[in-house]
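Below is one structure; the comments refer to it alone.
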Amino acid sequence: MLGKIALEEAFALPRFEEKTRWWASLFSTDPETHVKEITDITKLRIEHADKYGVGYQILSYTAPGVQDIWDPAEAQALAVEINDYIAEQIQGREDRFGAFATLSMHNPQEAAAELRRCVETHGFLGALVNDTQRAGPDGDDMIFYDNESWDVFWKTATDLDVPLYLHPRNPTGTIYDKLWADRKWLVGPPLSFAQGVSLHVLGMVTNGVFDRHPKLQIILGHLGEHIPFDMWRINHWFEDRKKQLGLAETCKRTIREYFADNLWITTSGHFSTNTLVFCMGEVSADRILFSIDYPFEHFEDACEWFDRAELNEVDKRKIGRENAKRLFKLGSYKDSEA
């Protein structure tokens, strides 16, 4: 399929090359290639995209990114640097690239202002945040964005009419020590990423974020971070026990309705046709977006799988590009550009 749109595609700042190399050594069998791919913006990515039929990519700063910095001033300065850097890198290639804003999430007003600057000045298509923000004097606190103090930020996102991609980050501090240190092989894609993001987004659902901001759009990667597989059970529990659980006022609709109106999932890093078909049955093909998770995953694996997947052509076009065109208002995007 030509003209696919991908939107969980990471980059890193070149000045952090040594840190990127060290990080890659923890998970990659070829750290040098990973460093080259994640610091490249417009050469290798376009070569891969042309070969495998991707017409447009939305780039975002690699995890854990700014969410790993617990000093608010340092986090904000780095976010601004990243945003200005990627805006400059993709200037003149808007036919092939868009970007998500990187945000420090220490302060909702400051995050809202930076999101507005990135959308209105740079033309960014939304933001990507790596789960909770580390905070506190030793970085052991976690800021969630599911309470009313964050309403100014969510109102800004809805006023700008742009989505936020809620992406995972690795567990840190005492949470890591207590839960993951003795089973560290479960950190990341096997379990911890889905556990963190699903807790956060279900907190948004149950704490009324989407009821207060009914037009808000949130994207979840990796086929929904396990939530679609528990959809019936979550819905059953909430609906049967809303009054008992105290959810009658803070969670006014069903979990399925929030997925129909506010939540999207992507195929990033999860290239299984059986799983995709299951998710289509739970959340519908209208709320699923193609993505790769490059360079942690490969264009070849993602694109060849998707192109060969036994899906009807209408659903394949929706997932491959039409849903993204609708969500990001890419009316001028030409399918033949890939």
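The values are calculated or read from the model by the stated rules, or taken from the named source; none is laboratory data. Remember, it's a predicted structure, so these values are computed and weren't measured experimentally. Ideal geometry is used to build each Cβ from the backbone, glycine not excepted, and the neighbour counts take in all protein chains shown. These area figures cover heavy atoms from the full protein model, side chains too; ligands, DNA and RNA do not enter into them. Shrake-Rupley method; radii C 1.70, N 1.55, O 1.52, S 1.80 Å.
A few remarks follow.
- Scanning the range 234-255 for residues that are of a type in the set (D, E, K, R) and more than 18 Å from K215 (Cβ to Cβ), we see that the one that is modelled with the lowest pLDDT is K243.
- Residue tally, condition in a helix (DSSP H, G or I) and surrounded by 18 or more Cβ atoms within 10 Å (Cβ to Cβ), over the range 283-316: 9
- Residues located in the range 189-212, provided they are of a type outside the set (A, V, I, L, M) and part of a loop (DSSP other than H, G, I, E, B): P189, P190, N207, G208
- Within the range 5-27, the set of residues being touching a residue at least 40 places away in the same chain (Cβ under 8 Å) and touching a His at 6+ places or on another chain (Cβ under 6 Å) is empty.
- Here L245 qualifies as aliphatic (A, V, I, L, M), open to solvent by 30 Å² or more (accessible area, probe 1.4 Å) and either more than 22 Å from the chain's Cα centre (by Cα) or closer than 25 Å to R326 by Cα (or both).
- Top-ranked residue in the range 75-90 [being open to solvent by 30 Å² or more (accessible area, probe 1.4 Å) and touching a residue at least 40 places away in the same chain (Cβ under 8 Å); ranked as farthest from D138 (Cα to Cα)]: Q89
- A single member of P137, P108, P72 is in contact with a Phe, Trp or Tyr (Cβ under 7 Å, 6 or more places away or on another chain) and either within 27 Å of E225 (Cα to Cα) or open to solvent by 60 Å² or more (accessible area, probe 1.4 Å) (or both), and it is P108.
- Meets criteria (of a type in the set (F, W, Y), within 15 Å of the chain's Cα centre (by Cα) and within 22 Å of I143 (Cα to Cα)) for F210: no
- Checked against (1) open to solvent by 50 Å² or more (accessible area, probe 1.4 Å); (2) part of a helix (DSSP H, G or I); (3) within 21 Å of V54 (Cβ to Cβ), F278 meets all criteria but (3).
- Count of the range 248-271 residues, restricted to those that are touching a residue at least 24 places away in the same chain (Cβ under 8 Å) and either surrounded by fewer than 18 Cβ atoms within 10 Å (Cβ to Cβ) or hydroxyl-bearing (S, T, Y) (or both), is 11.
- Unmet requirement for L2, which otherwise passes all of (1) more than 18 Å from F299 (Cβ to Cβ); (2) open to solvent by 30 Å² or more (accessible area, probe 1.4 Å); (3) in contact (Cβ under 8 Å) with a residue 60 or more places away in the chain: (1)
- Check on G224, of a type outside the set (A, V, I, L, M), on the phi > 0 side of the Ramachandran plot and open to solvent by less than 10 Å² (accessible area, probe 1.4 Å): yes
- When F271, F259 are checked against the criterion of being assigned to a helix (DSSP H, G or I) and of a type in the set (F, W, Y), a single residue qualifies: F259.
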